[in-house]
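Inspection log for the structure reproduced underneath, given as structure tokens.
FYI, it's all coordinate maths here, none of it is from the lab. Quantities reported herein were computed from a predicted structural model and do not represent experimental measurements. Cβ placement follows ideal geometry from the backbone for every residue including glycine, while neighbour counts extend to all protein chains displayed.
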Amino acid sequence: MSSLSKLDCQHAAPITSSEEFQTLLADIRERAQAEEFDRQKFISEDVIERFKALGVYRALVPKRFGGDERSPVEFCRMVEDISVADGSAGWVASFGMNPVYLAALPLATLKLLYEDGPDVVFAGGIFPPQPAAFVPGGLEVNGRWKFSSGCMGATLIGVGIAPKNGEMFGLPRLAVMPREQVRIEETWDVVGLIGTGSHDVVVESVVVPEEWTFVRGGPSNLDEPMFRYPSLSFATQVLSVVGLGVARAALDYLSGMASGRFSVTGAPALSDRPLAQMQMAKAEAELRAARAWFYEAMENAWNSILAGDPVSVEQTNLLRLSSTHATRVAAEVTRSAQMLSGMSGVYRESPLSRFVNDTLVITQHAFMGDMTYQNAGAIFFGNKPLPGYL
């Protein structure tokens, strides 16, 4: 099958296609425009609860734990749809990919984790890994971690630790604990993706049982197809697809405002100006092309997995490169939309200002850096990339 994988066909209807989900997206769009999420610097609790009810956080959970076991393509399309309504909401929803991280926990721990249901809301503060000594009962965790997106609505928090035995440090791990054992300090003061609530998390002398820790990027203890998909690539894709959604929103907004906008100088409406028409067409072409390659690379890798084949280095390289490319194109397209809007697009109340800031923040993420191009180019020349790329 070329355009859709076999497993996708089992879930022909998009996750967001229900009337309830569409109502939620309209509500998110309205509340984002009213700056509710930006003012409070997190996505409201009722939205997170509705995400849970509508399947955002169970989408990738295996059926054996009560989840929907959807494909990476389906999940990213869902995040993209949410991001069209609001980038911060999409970013927080993207952490519904947490089963890919948590699959490295022991199987017995995973059964406990999902015993009350599959709708687990997870947030993590990974860097820098903090020393954690072995003590009776597990590892004693102390420290502060930044960029814990979605932590205000999470039920479970993971933090990066470096297990310490005497003077020796083991491989970095993630220590997982209930939200109640963590203090959140509201330090998120940024220009874009403000509603993600990516605050600092602070842990003080919490003993985490060793079976609730895992090596980040370690082998999965689950054997469903999703857990054979390159995890680092997927962690990148669920973020870069947010940019695609926001850029879509920007072009749609520009199109909607253009026909009725006349210049104070008496010039034609924006929609009637040949240069604006040309620039709009170029922006559409660039966004659609970047999006098509993004999903093509994903479907290609997924179909290899369903056929029982490993995802090759070349395929993984295209997953990473298409993600960075999509992020950069989304930012450029969104900025083009703002420029075409003229001075109206610079006001804080204009959605275009928020769209531009959101997409630019995504380009700052470490996964999307220029190093992606260096590593991708090395592979195209038959050389090895730097550690951690694949």
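Fully extending the segment from residue 190 to residue 134 would add 16.5 nm, taking 0.36 nm per residue of separation and subtracting the current Cα-Cα distance.
Once you have a ≥ b ≥ c as the square roots of the Cα gyration tensor eigenvalues for region 265-345, tell me rounded if a/c is under 1.5, and otherwise prolate or oblate according to whether a/b is larger than b/c.
prolate
Taking amide H as placed 1.01 Å from N in the peptide plane, the amide H of residue 188 sits under 5 Å from that of 200, each at least 5 places away or on another chain.
Using θ = phi - 60° in the Karplus curve 6.51 cos²θ - 1.76 cosθ + 1.60, the 3J(HN,Hα) couplings for region 47-52 round to 5, 4, 5, 6, 4, 4 Hz; x is entered for Gly and Pro. For the peptides 37-49, 59-71, 84-96, 244-256, residues were scored by their other Cβ atoms within 10 Å and the scores averaged per peptide; the highest-first order is 84-96, 244-256, 59-71, 37-49. Taking the DSSP beta bridges with both ends in region 120-215, the antiparallel portion is around 75 percent.
Among 344, 205, the order by Cβ neighbours within 10 angstrom, fewest to most, reads 205, 344.
Separation of region 176-196 from region 312-390 is 24 Å, based on Cα centroids. Around residue 134, with a cut-off of 9 angstrom between Cβ atoms, what is the net charge of the other residues, counting Lys and Arg +1 and Asp and Glu -1? With Lys, Arg at +1 and Asp, Glu at -1, the neighbours total -1.
Karplus-based coupling profile of region 377-385, in residue order and whole Hz: x, 4, 5, 4, 8, x, 9, 8, x, with θ = phi - 60° in 6.51 cos²θ - 1.76 cosθ + 1.60 and x standing for Gly or Pro.
Cβ crowding within 10 Å ranks 57, 389 as 389, 57, fewest other Cβ atoms first.
Taking Lys and Arg as +1 and Asp and Glu as -1, the other residues whose beta-carbon sits under 14 Å from that of residue 223 total +1.
Distance between the 7 Å Cα→Cβ label points at residue 39 and residue 371: 4.0 nm. A simple spin-label model places pseudo-atoms 7 Å from Cα toward Cβ; at residue 64 and residue 171 they are separated by 2.1 nm.
For residue 108 and residue 29, the difference between the fully extended length at 0.36 nm per residue and the C-alpha to C-alpha distance is 24.4 nm.
Among the trypsin sites (Lys or Arg not before Pro) found in region 288-386, those both in a DSSP coil and sparsely packed, with 12 or fewer other Cβ atoms within 10 Å of their Cβ, are 348. By DSSP, the beta bridges lying fully in the chain are antiparallel in about 75 percent of cases. With helices as the sole contributors, the chain gives -15000 deg cm²/dmol at 222 nm; each DSSP H run of n ≥ 4 counts as -39500 (n - 2.57), and the sum is divided by every residue.
Apply the a/c threshold of 1.5 to the C-alpha gyration tensor of region 114-230 and tell me whether it is rounded, prolate or oblate. Because a/c hits 1.5 or more and a/b fails to exceed b/c, region 114-230 counts as oblate. If you take the Cα centroid of region 9-64 and the Cα centroid of region 66-128, the two points sit 13 Å apart.
Shown in residue order for region 21-33 are the 3J(HN,Hα) couplings computed by the Karplus curve 6.51 cos²θ - 1.76 cosθ + 1.60 at θ = phi - 60°: 5, 5, 5, 4, 4, 5, 5, 4, 4, 5, 6, 5, 5 Hz (x for Gly and Pro).
What's the magnitude of the charge dipole for region 120-215 around its Cα centre, counting Lys and Arg as +1 and Asp and Glu as -1 at the beta-carbon? Answer in Debye, nearest 20. Numbers along the way, then the final one.
Working: 6 positive and 10 negative charges, 30 e Å.
Taking the Cα centre of region 120-215 as origin, the dipole is about 140 debye.
Between residue 284 and residue 144, the modelled label-to-label distance comes to 4.9 nm, taking each label 7 Å out from Cα in the direction of the beta carbon. Residues whose amide H comes within less than 5 Å of that of residue 133, counting only those at least five positions distant or on another chain, are 140, 164 (H built at 1.01 Å from N in the peptide plane). Ranking of 97, 343 by neighbouring Cβ atoms within 10 Å, starting from the fewest: 343, 97. Using only side-chain charges placed at the Cβ, +1 for Lys and Arg and -1 for Asp and Glu, the dipole size of the chain relative to its Cα centre rounds to 780 debye.
Put a plus charge on the Cβ of each Lys and Arg, a minus charge on the Cβ of each Asp and Glu, and nothing anywhere else: the dipole of region 229-380 about its Cα centre is then about 440 debye.
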